[in-house]
Amino acid sequence: MIKIERLNKKFGKLEVLKDLSLEIRKGSINAILGPNGSGKTTLIKCLLGMVIPDNGSIKINGSEVKDQWKYRDEIDYMPQIANFPSNLKVKEIISMLKDIRNREARDAELIEYFELTPYLNKQLSYLSGGTKQKVNIVLAFMFDNPLLILDEPTNGLDPVALIKLKELIAKEIKLGKTILFTTHIIRLVEELAEDIVFLLEGKIYYQGPVSGLIDKHKELDLEHTIATIFSKHVKEEVS
Amino acid sequence: MIKILKYSFFDLIRSRWSLIYFSFYFLLAFVLLFLNNDISKAIITMMNVIIILGPLIGIVFGIMYYYNSSEFTELLLAQPIKRRSIFLGQFLGLAFSLSLSLVLGLGIPFIFYGLFRSEEILNFAALLWIGFILTFIFSGIAFYIALANQNRIKGFGMAILFWLFMAVIYDGVFLLLLVWFREYPLDNFALISSVLNPIDLSRIMILLKLDISSLMGYTGAVFKNFFASGSGLLASYLILLAWAFVPVLAIVLKAKRKDF
């Protein structure tokens, strides 16, 4: 599905991605983990063509993404921060994205699922952070694409909405979609992910099944394993 | 691009600022017309206001709009659409919504006053055209500055400085040079340097249109010779149009290479 080879990206002097190679199987559920600044968001943005890599190649479904834009029609993306034009109404932002993609969407179903109907005629600036995030979810999921990229999807959701989102993702998994998500919430990884992509300083530290990472470090559970890797990494950086 | 333009435009015309900008022109034009009772004088005063305020509002709104919508822009960048279409769409949406405030704010009072029965209608059209093109140029430049600067404070500062330079400092330097080199024939220098600044160029074009160049002495005569000739007028329109294309081109090139 996705094949990344020897990807490099520098922002000024800061090397964010260093010779990163990665392959994502079709239909796999991947959690991208790593400390702050390890390159998670940059990696995702490279996939979407928002950050232009210095060199290396990214292929999605066999075709190079560089300077292309049509391939994004097959991708659903949910950004970390939901912020919308403040004077548009909820229903207008939904029709805007449908207009851009020029195709039908399952927005009605998702609006009902997240109970957004009373907000449809409200301007986006009047919505609370959590409601905006729900709109963000609807926008990301409504096109029913085979590849889902979610950047910190649980940000700002209340417990009810969180459960709904997890159920929604679980349904997508059953449909055989390929999912990439970043998060700092370990429980979400345990509940949803099959594979982990662990980034440290712009390189892949580990890629494989969740259990493999725990075994590698001989820890009790994923939370402890990740804490061990983080603290070891910090010590190395200090010394 | 048209789709992005459409939604940006709807977003912006509903904002409070569009209404304030509209009301400002509306009230000013009403007061000027009904106190002065002279349409031609009102046009000259409005010109002086538009030439300074149009670019300022264009620059400030351009910068604010870009930075405010930067997170939404990221969402748009992940859609199957060219980068160029996103930024040009947003920029045109802004330029058109500002122009709408200008056209309605000035248009309604002038029409009420009886613009269609007066002979000034062409001059008024020129005033609107100049206001439109200045808004277009300066909001485009603001978009470019915002694209080139991740740091909002720096972007804002540069944009304001650019406006200050074009609206105020340029004329000061120009005047100083004229005084320093007064021994030399400066007609062509004066002509060229006025033409290179869109604000100065707009001012001169309107002054000449209103036929008050006789007030400007010898240099006024030189200007009139230049602008009244077909090729001179054409040249100055082309330069103003070129000024409008420079930011568009700069936005397209910058957006192509930028990391978001």
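A few comments on the model shown:
- Residues of the range B:2-15 that turn out to be within 9 Å of another protein chain (Cβ to nearest Cβ) and outside any loop (DSSP other than H, G, I, E, B), as a count: 9
- Subset of the range A:157-173 (residues that are open to solvent by less than 10 Å² (accessible area, probe 1.4 Å) and of a type in the set (Gly, Ala, Ser)): A:ALA161
- Inside the range A:144-156, residues that are open to solvent by less than 10 Å² (accessible area, probe 1.4 Å) and farther than 16 Å from A:MET1 by Cα make up a count of 3.
- When residues in the range B:173-210 are screened for being touching a Leu at 6+ places or on another chain (Cβ under 9 Å) and open to solvent by 60 Å² or more (accessible area, probe 1.4 Å), 2 of them pass.
Yes or no, residue by residue, for (1) of a type in the set (Gly, Ala, Ser); (2) touching a helix residue (DSSP H, G or I) at 6+ places or on another chain (Cβ under 9 Å):
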| residue | (1), (2) |
| --- | --- |
| B:LEU53 | no, yes |
| B:VAL60 | no, yes |
| B:ILE63 | no, yes |
| B:ASN68 | no, no |
| B:SER85 | yes, yes |
| B:GLN90 | no, yes |
| B:LEU94 | no, yes |
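- Leading residue by the ranking (least open to solvent (accessible area, probe 1.4 Å)) among those in the range A:174-206 that are of a type in the set (Lys, Arg) and either touching a residue at least 40 places away in the same chain (Cβ under 8 Å) or touching a helix residue (DSSP H, G or I) at 6+ places or on another chain (Cβ under 8 Å) (or both): A:LYS177
- Restricting attention to the range B:164-187, the residues being over 19 Å from B:ILE239 (Cβ atoms) and among the aromatic types (Phe, Trp, Tyr) number 3.
Conditions tested, residue by residue: (1) open to solvent by 10 Å² or more (accessible area, probe 1.4 Å); (2) within 14 Å of chain A (Cβ to nearest Cβ).
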| site | (1), (2) |
| --- | --- |
| B:LEU76 | no, yes |
| B:ILE81 | yes, yes |
| B:ILE86 | no, yes |
| B:PHE91 | no, no |
| B:LEU104 | yes, no |
| B:ILE111 | yes, no |
| B:GLU119 | yes, no |
| B:LEU127 | no, no |
| B:GLY131 | no, no |
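- Within the range A:14-132, helices (runs of 4 or more DSSP H) holding 1 or more residues that are open to solvent by 20 Å² or more (accessible area, probe 1.4 Å) and within 9 Å of chain B (Cβ to nearest Cβ): A:40-47, A:90-101
The values are calculated or read from the model by the stated rules, or taken from the named source; none is laboratory data. The shown structure was predicted, so the numbers you read here are calculated from the model rather than taken from an experiment. FYI the Cβ positions are ideal-geometry reconstructions off the backbone, even for glycines, and counts take in every protein chain you see. Only protein heavy atoms, including side chains, enter the accessible area calculation; ligands, DNA and RNA are left aside. Shrake-Rupley method; radii C 1.70, N 1.55, O 1.52, S 1.80 Å.
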